[in-house]
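J.: This is the structure, below, for whatever I ask next.
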């Protein structure tokens with residue numbers, strides 16, 4: 001079974017969780033290395049584009065290892081409509097085939113977020129799949145709540161992201177059981193906490209046919225975090241996935 005494996009630009013980012021979240025490096029400096037390593041594309045953290053100078057933005061449109069997924073943190077309240085429109089425009093320019101997004105934390109905003117998500121789907125290129133990261137702390141944290149939401153939303157090209165290596169097995173089983181082929185993408189976080197093999201086996205048994213992004217790896221957020229060391233670990237993760245998947 002062949003599945004695309006992408007590298008998340010956030011994997012190498014020192015300031016990913018800093019208050020300002022300003023990029024510490026240019027993704028374009030790594031494009032050739034990503035290709036040579038054998039990655040099928042990049043999942044681009046939006047700050048690596050939106051907070052980059054114009055010349056870097058132009059280079060990202062022609063990156064040797066193309067941007068396949070646009071990783072955004074746009075909100076889905078009414079006030080954030082311009083941000084969602086800007087994201088849609090960049091997704092079209094990049095030719096991304098997927099966009100990762102999150103909903104918010106307030107259950108009272110569920111109806112408004114659903115309405116705005118439907119409108120945003122209509123703004124996005126027809127070739128772009130919406131990929132919801134049903135993150136802890138959001139209204140879609142629980143698989144059952146997410147199932148009800150998407151049944152009601154009636155989106156035509158949505159998918160679910162799971163964190164297969166970080167989820168408890170029973171919880172991963174719930175996501176796969178409720179969403180099946182709608183589980184379209186996996187964020188891989190191999191930081192040594194869990195054995196990934198049972199999770200890969202579960203994905204295979206569920207018929208997973210989606211893509212992977214190496215999001216974080218061993219050494220992430222440690223005091224001596226180092227880009228070259230992180231990339232070396234990512235290459236080991238890539239090798240492991242190619243061999244085992």
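The values are calculated or read from the model by the stated rules, or taken from the named source; none is laboratory data. Values in this document were obtained by computation on a predicted structure and should not be read as measured data. Every residue, glycine as well, gets a Cβ built from its backbone with ideal geometry; the counts of neighbours run over all protein chains shown.
J.: For the structure I just gave you, tell me whether residue 169 is crowded, with 16+ Cβ neighbours inside 10 Å and touching a residue at least 12 places away in the same chain (Cβ under 8 Å).
T.: Against the criterion (crowded, with 16+ Cβ neighbours inside 10 Å and touching a residue at least 12 places away in the same chain (Cβ under 8 Å)), residue 169 does not qualify.
J.: Give segment 1-34 a look and list any residue that's assigned to a helix (DSSP H, G or I) and crowded, with 16+ Cβ neighbours inside 10 Å, or say none.
T.: Of everything in segment 1-34, those that are assigned to a helix (DSSP H, G or I) and crowded, with 16+ Cβ neighbours inside 10 Å turn out to be 9, 10, 11, 12, 27, 28, 30, 31, 34.
J.: Sticking with this one: From the list 56, 46, pick out the single residue that is in contact with a helix residue (DSSP H, G or I) (Cβ under 9 Å, 6 or more places away or on another chain), over 18 Å from residue 129 (Cβ atoms) and surrounded by 15 or more Cβ atoms within 10 Å (Cβ to Cβ).
T.: Going through 56, 46 in turn, just one is in contact with a helix residue (DSSP H, G or I) (Cβ under 9 Å, 6 or more places away or on another chain), over 18 Å from residue 129 (Cβ atoms) and surrounded by 15 or more Cβ atoms within 10 Å (Cβ to Cβ): 56.
J.: Here's a follow-up. Please state which of the following conditions residue 195 fails to meet, knowing it meets all the rest: (1) out of contact with any helix residue (DSSP H, G or I) (no Cβ under 9 Å at 6 or more places or on another chain); (2) within 18 Å of residue 4 (Cβ to Cβ).
T.: With (1) out of contact with any helix residue (DSSP H, G or I) (no Cβ under 9 Å at 6 or more places or on another chain); (2) within 18 Å of residue 4 (Cβ to Cβ) applied to residue 195, the lone miss is (2).
J.: If you don't mind, there's one more thing I want to ask. Please work out which residue is farthest from residue 50 (Cα to Cα), limiting yourself to segment 60-82 and to residues that are outside any loop (DSSP other than H, G, I, E, B) and out of contact with any strand residue (DSSP E or B) (no Cβ under 9 Å at 6 or more places or on another chain).
T.: 78
J.: Could you list, in sequence order, all residues of segment 1-15 that are out of contact with any strand residue (DSSP E or B) (no Cβ under 7 Å at 6 or more places or on another chain) and without any contact (Cβ under 8 Å) to a residue 60 or more places away in the chain?
T.: Answer for segment 1-15, where residues must be out of contact with any strand residue (DSSP E or B) (no Cβ under 7 Å at 6 or more places or on another chain) and without any contact (Cβ under 8 Å) to a residue 60 or more places away in the chain: 2, 15.
J.: Go through segment 93-119 and give me each residue that's surrounded by 19 or more Cβ atoms within 10 Å (Cβ to Cβ) and closer than 11 Å to residue 158 by Cβ.
T.: Within segment 93-119, 98, 99, 101, 117 qualify.
J.: Please work out which one of (1) out of contact with any helix residue (DSSP H, G or I) (no Cβ under 8 Å at 6 or more places or on another chain); (2) closer than 30 Å to residue 245 by Cβ is the condition residue 28 fails and give its number.
T.: (1)
J.: So which residues in segment 16-58 are more than 20 Å from the chain's Cα centre (by Cα) and more than 27 Å from residue 2 (Cβ to Cβ), if there are any at all?
T.: 19, 20, 29, 53, 54, 55, 56, 58
J.: Under the condition of being part of a loop (DSSP other than H, G, I, E, B) and modelled with pLDDT under 90, which residue from segment 188-217 is nearest to residue 46 (Cα to Cα)?
T.: My answer is 191.
J.: Suppose we filter 57, 85 for residues that are in a helix (DSSP H, G or I) and free of Cβ contacts under 8 Å to residues at least 12 places away in the same chain; which single one remains?
T.: 57
J.: How about segment 59-74: which of its residues are over 16 Å from the mean Cα position of the chain (by Cα), more than 17 Å from residue 125 (Cα to Cα) and surrounded by fewer than 18 Cβ atoms within 10 Å (Cβ to Cβ)?
T.: Residues satisfying the conditions are 59, 62, 64.
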